[in-house]
Amino acid sequence: MAVRDILIIPDKRLRLKSEPVKAVDKLLRALVADMFETMYAAPGIGLAAIQIGVPQRVVTMDVAKKDDPSQPQVFINPEVTWSSDEKATYEEGCLSIPEYYEEVERPQAVKVKYLDLDGKVREIEATGLLATCLQHEIDHTNGVLFIDYISKLKRNMVMKKFKKVAKKTEGDKPESRIDPTPHGL
Ligand code: K1U
Ligand code: ZN
């Protein structure tokens with residue numbers, strides 16, 4: 001198991017549409033274990049595989065309240081099959097957009113069909129934070145971010161800030177440093 005690096009905007013991989021999982025096997029279970037470790041370490045209440053650079057439709061979540069026992073949940077190939085007309089507003093955050101929070105309105109309740117870790121088809125009806133988080137994570141599997149629902153002005157400001165940070169830290173990456181070794185030696 002390992003804590004993986006979380007992609008931060010403007011990383012283009014966050015805009016990819018993830019592929020459906022073909023087999024719920026040992027490799028997938030290892031990915032899920034890494035996702036939980038990464039999500040709890042962040043800390044976060046949800047994580048989509050693409051946030052650690054894996055374009056597969058896999059989501060981990062734990063929306064248990066602070067002092068309640070943990071409630072790890074895995075959703076493989078999740079899809080919304082029904083959503084309520086009633087809306088709910090929640091101040092959302094995103095591990096790929098650190099320290100930025102904004103209110104987002106979404107359906108208050110959803111039904112989601114998915115595979116569990118045994119490859120069994122399941123469906124749940126979610127309300128409240130579970131519904132909000134599920135929709136946020138399913139959006140990630142489709143390359144959609146919560147800032148897509150806020151005003152263009154606010155989104156442009158956030159993107160500008162994170163582009164500036166990315167540009168500044170680019171020079172810190174080993175692959176962007178000039179190789180002092182003369183070629184051919
Ligand atoms: O997908 C993600 O980036 C994770 C995100 C999930 C989410 C949060 C709020 C509304 C919708 C979806 C997070 O976990 S952000 C961090 C966060 O909300 C949190 C962290 C620690 C304790 C409690 C909440
Ligand atoms: Zn997110």
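The values are calculated or read from the model by the stated rules, or taken from the named source; none is laboratory data. None of the values given here were measured: they were computed from a predicted structure. Here Cβ is always computed from backbone atoms with ideal geometry, including for glycine, and neighbour counts include all displayed protein chains.
Checking Val110 against (1) more than 13 Å from ligand 2 (Cβ to nearest atom); (2) touching a His at 6+ places or on another chain (Cβ under 7 Å); (3) of a type in the set (A, V, I, L, M, F, W, C): exactly one of these is not met. Which one? Going through (1) more than 13 Å from ligand 2 (Cβ to nearest atom); (2) touching a His at 6+ places or on another chain (Cβ under 7 Å); (3) of a type in the set (A, V, I, L, M, F, W, C) one by one, Val110 breaks only (2). Of all residues in region 66-84, those satisfying the criterion of being modelled with pLDDT of 95 or more and not in a strand (DSSP E or B) are Asp68, Pro69, Ser70, Gln71, Pro72, Ser84. Looking across Asp85, Asp67, one residue alone is over 22 Å from Arg122 (Cβ atoms), surrounded by fewer than 17 Cβ atoms within 10 Å (Cβ to Cβ) and within 14 Å of ligand 1 (Cβ to nearest atom). It is Asp67.
Go through the residues of region 41-63 one by one and say whether even a single one is assigned to a strand (DSSP E or B), free of Cβ contacts under 8 Å to residues at least 60 places away in the same chain and surrounded by fewer than 13 Cβ atoms within 10 Å (Cβ to Cβ). Looking through region 41-63, none of the residues is assigned to a strand (DSSP E or B), free of Cβ contacts under 8 Å to residues at least 60 places away in the same chain and surrounded by fewer than 13 Cβ atoms within 10 Å (Cβ to Cβ). Figure legend. Inter-residue proximity from region 95-112: first residues over 25 Å from Val158 (Cα atoms) and without any contact (Cβ under 8 Å) to a residue 40 or more places away in the chain, second residues more than 13 Å from ligand 2 (Cβ to nearest atom) and among the polar types (S, T, N, Q), beta-carbon distance below 6 Å, spacing 6+ or different chains. Indicated pairs: Gln108/Ser84; Ala109/Ser84; Ala109/Thr127; Val110/Ser83; Lys111/Thr81. Of the residues screened, Glu102 is not one that is under 25 Å from Arg4 (Cα atoms) and charged (D, E, K, R). Within region 103-149, if we keep just the residues that are assigned to a strand (DSSP E or B) and near ligand 1 (Cβ under 10 Å from one of its atoms), the residue that is surrounded by the fewest Cβ atoms within 10 Å (Cβ to Cβ) turns out to be Val104. Screening Thr127 with (1) at pLDDT 95 or above; (2) in contact with a Ser or Thr (Cβ under 6 Å, 6 or more places away or on another chain); (3) more than 16 Å from ligand 2 (Cβ to nearest atom) gives one miss only, at (2). Among all positions in region 66-76, there is at least one residue which is within 15 Å of ligand 2 (Cβ to nearest atom), more than 30 Å from Lys154 (Cα to Cα) and touching a residue at least 24 places away in the same chain (Cβ under 8 Å).
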